[in-house]
Amino acid sequence: KDLKNIDVKFNIINGHFDCSNNELESLEGCPEIVHGDFYCIGNRLKTLKYSPKIINGSFYCNSNQLESLEGCPNIVYGNFSCSFNKLESLEGCPEIIAGWLNCKNNNLTIEGLKYLPKDINENCIDISKNKNLSDLQNINNFEELKENLKIKEEKENLLKLIENNNKEKITKKVNKL
């Protein structure tokens with residue numbers, strides 16, 4: 001429909017809400033509550049401000065120009081997909097996702113992964129095709145990803161110790177590993 005904005009103010013949608021493949025630059029006018037899935041794929045969105053507060057299904061915001069996830073719901077009772085955007089960080093990501101998280105084809109960094117959801121029920125995440133995460137590309141298990149990030153952090157801490165020429169601490173740390 002080539003919509004540039006949503007001129008009708010919705011409150012509650014008792015099914016799915018789909019405003020995909022338009023020219024939206026804002027989600028202003030979107031419903032507050034969606035009892036199904038929410039789709040805003042293929043627009044010109046840079047932010048998720050004005051997105052629904054409650055999604056009882058999945059949330060799809062793929063193929064936009066998102067630089068931030070700020071404004072999306074805290075809990076998504078289905079899947080959450082934010083692939084093919086310009087995200088460097090998952091800051092603002094829902095805290096709980098009952099399904100899977102798809103954030104492939106972005107510009108995510110290891111630092112930006114510290115905002116991963118606290119809980120992903122199906123234990124599934126796709127971070128592939130993020131050039132800054134090349135050594136984590138084949139991980140699709142949430143627990144495995146968290147463990148790899150922990151190991152990376154420990155390695156970085158060791159490198160910092162090496163830089164500080166603190167051999168005694170290094171020896172103790174290496175002996176523990």
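The values are calculated or read from the model by the stated rules, or taken from the named source; none is laboratory data. From a predicted model like this one, the values you see are computed outputs, not experimental measurements. Every residue, glycine among them, receives a Cβ derived from its backbone with ideal geometry; neighbour counts consider all protein chains shown. Remember, those area values only see protein heavy atoms, side chains included, never the ligands or the DNA or RNA. Shrake-Rupley method; radii C 1.70, N 1.55, O 1.52, S 1.80 Å.
Computed values, structure above
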| read-out | value |
| --- | --- |
| Lys104 vs. criteria surrounded by 18 or more Cβ atoms within 10 Å (Cβ to Cβ), modelled with pLDDT of 90 or more, of a type in the set (Lys, Arg) and over 22 Å from His16 (Cβ atoms) | yes |
| Top-ranked residue of the stretch 115-132 - restricted to ones that are in contact with a Gly (Cβ under 8 Å, 6 or more places away or on another chain) and assigned to a loop (DSSP other than H, G, I, E, B), ranked as surrounded by the most Cβ atoms within 10 Å (Cβ to Cβ) | Asn121 |
| Residue identified as open to solvent by less than 10 Å² (accessible area, probe 1.4 Å) and without any contact (Cβ under 8 Å) to a residue 60 or more places away in the chain among Phe80, Phe84 | Phe80 |
| Lone unmet requirement of (1) surrounded by fewer than 22 Cβ atoms within 10 Å (Cβ to Cβ); (2) assigned to a loop (DSSP other than H, G, I, E, B) for Gly112 | (2) |
| Test for Pro94: is it without any contact (Cβ under 8 Å) to a residue 24 or more places away in the chain, assigned to a loop (DSSP other than H, G, I, E, B) and closer than 22 Å to Ser26 by Cα | no |
